[in-house]
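The values are calculated or read from the model by the stated rules, or taken from the named source; none is laboratory data. What you see is a predicted model, and the numbers here were worked out from it, not measured in a lab. Neighbour counts run over all protein chains shown; Cβ positions are idealised from the backbone, glycine included. Heavy atoms of the whole protein, side chains included, go into the accessibility calculation; ligands, DNA and RNA do not. Shrake-Rupley method; radii C 1.70, N 1.55, O 1.52, S 1.80 Å.
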Amino acid sequence: MDDDLISKKELLEITGISYGQLYRWKRKSLIPEDWFIRKSSYTGQETFFPRHKILARVDKIINMKDDLSLDELADVFSPNAGETSLRSIELIECNIVSSLTLDLYVEIQGQQDDFTFDNILCIYILEKLLKSGELSRDEGLMLVRTMEEHYGKLAGKNGELVLIRKMGVSVLFLTESADQMYFDKGVKWVIRLPLASSIEELKLKMNEREEE
Amino acid sequence: MEQKQQSRHDLNISGMGRTGGGVYKDVKIDGMGKVGGDIDCLTFTSNGTVGIEGSLHADSLNINGTAKVEGPTTLDKMDIGGMSTFKDQVQCRAVFINGRAIFDKGLKSDTVEVGGILKTKEDVQCESFSVKGHFTIEGLLNAGQVDIKMNLPCSAQEIGGEYIVVRKWKSPRIWEQLHHGFSTRLKAHIIEGDHIDLEYTEADTVRGNDVSIGPGCTIRLVEYKNTIHQDPEAKVGSCVRI
């Protein structure tokens, strides 16, 4: 575990940001509270961060802060759903999802006029996984049903989507954290997708749309 | 949101009274009042003793006596002239404390102005934090601008921000000269910021871009990036440029 942590000092050295910036971002909830890990070291108490997560996050903030205000950025990173709802035409015109995926979704859930953020998230994840070839069409069906029925309970938390297979039978589930989960040997992890990262991607895509 | 649409009524308690809570326009308590549940109002004014057993949601809170809130508190403006205790998280936009306020959990606000005493058991987060008096923060003080003028010993576990200025407010008192332990100083474990200007501060580690260590400071380790200024009367264990 220790190798995956980065000290605050090292983080500032690598990224070139200042203490003030780091604290400001923390105040604006751009960096989640639970990434600040306090540990004692030979120089007294020090703060550490999960290395990969924080470096990726700082990189994103630096790249995007010219285009978006800090509050808008905070919105992108928050696991809460956006408030926007879009019509099917907009979804396709703005390249958020392809019409193929949308058709599949409509086939399962029925025609809708407006798609809420949660709906769009579901379609977006569906498309992402179908495109990457990790998900079969039948599993896509499971995904949509599971998301529509249970996602609400996870909303606002950093949930994960997990797909496992054993002997050709697939099981799909949503969980708050898949960190502590152990299966027997025959089980293969097929997908482990943190919902928060998809939410981020989707919000960015939708933000681009608003700017255009 | 629905409730905002409904017509709100005023609530007045003069003397002794108890209410179960609810949605009101202006709440005024003169004397002793008890709120048995959650209360949502536009203004909440108390000139006596008040206890709220649930949560408090108001645009403005004005306390001139003693008050105790058990539940989470969301406010726009808070003005404490007496003694207040908040048992749960407090979220506010502007906090003015001229009396004594104790937060058993954290405090989040845009601005915090203290002219009296502030005590928190957890973190304080705000854009601007200015104190003329005394504070004890048992967690992290995270603020854009920290402006501290102390007239009693102050302490914070950690301080982080952009501008951090610490000064002594009044000339030494007579009993301070008699006993060193009473002396007005700030105690902190770690102070980190872009511009740090300290006086009469005891800290383990100070890290920043531009650091100025004034008289009366005792600091084990200073790490700076651009500039350093050290008063001859300050005690600094080691000073490193990074």
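The conditions are (1) under 25 Å from A:R192 (Cβ atoms); (2) open to solvent by less than 60 Å² (accessible area, probe 1.4 Å), and A:S132 fails exactly one of them. Which is it?
Status for A:S132: all satisfied but (2).
Residues to consider are A:L121, A:L154, A:L161; find the one that is in the same structural domain as A:L202 (by TED's automatic domain parsing), without any contact (Cβ under 8 Å) to a residue 40 or more places away in the chain and surrounded by 17 or more Cβ atoms within 10 Å (Cβ to Cβ).
Details: A:L121 fails: without any contact (Cβ under 8 Å) to a residue 40 or more places away in the chain; A:L154 fails: without any contact (Cβ under 8 Å) to a residue 40 or more places away in the chain.
Unique residue meeting the criteria: A:L161.
Can you tell me which residues in region A:41-64 are more than 9 Å from chain B (Cβ to nearest Cβ), outside any helix (DSSP H, G or I) and touching a residue at least 40 places away in the same chain (Cβ under 8 Å)? First the steps, then the outcome.
Taking region A:41-64 as the starting set, the residues that turn out to be more than 9 Å from chain B (Cβ to nearest Cβ) are A:41-42, A:48-64.
Filter once more, keeping what is outside any helix (DSSP H, G or I): A:41-42, A:48-50.
If the condition is that a residue be more than 9 Å from chain B (Cβ to nearest Cβ), outside any helix (DSSP H, G or I) and touching a residue at least 40 places away in the same chain (Cβ under 8 Å), then A:F48, A:F49, A:P50 are the ones that fit.
Looking at (1) over 23 Å from A:E72 (Cβ atoms); (2) under 20 Å from the mean Cα position of the chain (by Cα); (3) surrounded by fewer than 16 Cβ atoms within 10 Å (Cβ to Cβ), can you tell me which one A:T116 breaks?
(1)
Anything in region A:32-61 that is open to solvent by 60 Å² or more (accessible area, probe 1.4 Å) and hydroxyl-bearing (S, T, Y)? List them, or say none.
A:S40, A:Y42
Regarding A:S98, is this residue surrounded by fewer than 19 Cβ atoms within 10 Å (Cβ to Cβ), not hydrophobic (A, V, I, L, M, F, W, C) and not assigned by TED's automatic domain parsing to the domain that holds A:L202? Before you say what the answer is, go through the steps one by one.
Values: surrounded by fewer than 19 Cβ atoms within 10 Å (Cβ to Cβ): yes; not hydrophobic (A, V, I, L, M, F, W, C): yes; not assigned by TED's automatic domain parsing to the domain that holds A:L202: no.
No, not satisfied.
Can you tell me which residue in region A:26-40 is farthest from B:K108 (Cα to Cα), limited to those that are assigned to a helix (DSSP H, G or I) and out of contact with any Cys (no Cβ under 9 Å at 6 or more places or on another chain)?
Across region A:26-40, the extreme among qualifying residues is A:W35.
Considering only region B:57-87, state which residues are in contact with a strand residue (DSSP E or B) (Cβ under 7 Å, 6 or more places away or on another chain), open to solvent by 20 Å² or more (accessible area, probe 1.4 Å) and farther than 14 Å from B:V114 by Cα. Before the answer, list the steps.
Residues of region B:57-87 in contact with a strand residue (DSSP E or B) (Cβ under 7 Å, 6 or more places away or on another chain): B:57-71, B:73-87.
Keeping just the survivors that are open to solvent by 20 Å² or more (accessible area, probe 1.4 Å) gives B:57, B:59-60, B:62, B:64, B:66, B:68, B:70, B:74, B:76-77, B:79, B:81, B:83, B:85, B:87.
The answer is B:H57, B:D59, B:S60, B:N62, B:N64, B:T66, B:K68, B:E70, B:T74, B:D76, B:T85, B:K87.
Is it the case that A:G168 is open to solvent by 20 Å² or more (accessible area, probe 1.4 Å) and under 27 Å from A:K53 (Cα atoms)? It would help to see each step written out before you state the result.
On the way: open to solvent by 20 Å² or more (accessible area, probe 1.4 Å): yes; under 27 Å from A:K53 (Cα atoms): no.
Here the answer is no, as A:G168 does not meet what is asked.
What are the residues in region A:19-31 that are open to solvent by less than 20 Å² (accessible area, probe 1.4 Å) and within 11 Å of chain B (Cβ to nearest Cβ), if any? Break it down stepwise before answering.
Going through region A:19-31, the residues open to solvent by less than 20 Å² (accessible area, probe 1.4 Å) turn out to be A:19-20, A:22-23, A:25-26, A:30-31.
Once the filter is applied, which keeps residues that are open to solvent by less than 20 Å² (accessible area, probe 1.4 Å) and within 11 Å of chain B (Cβ to nearest Cβ), region A:19-31 yields A:Y19, A:G20, A:L22, A:Y23, A:W25, A:K26.
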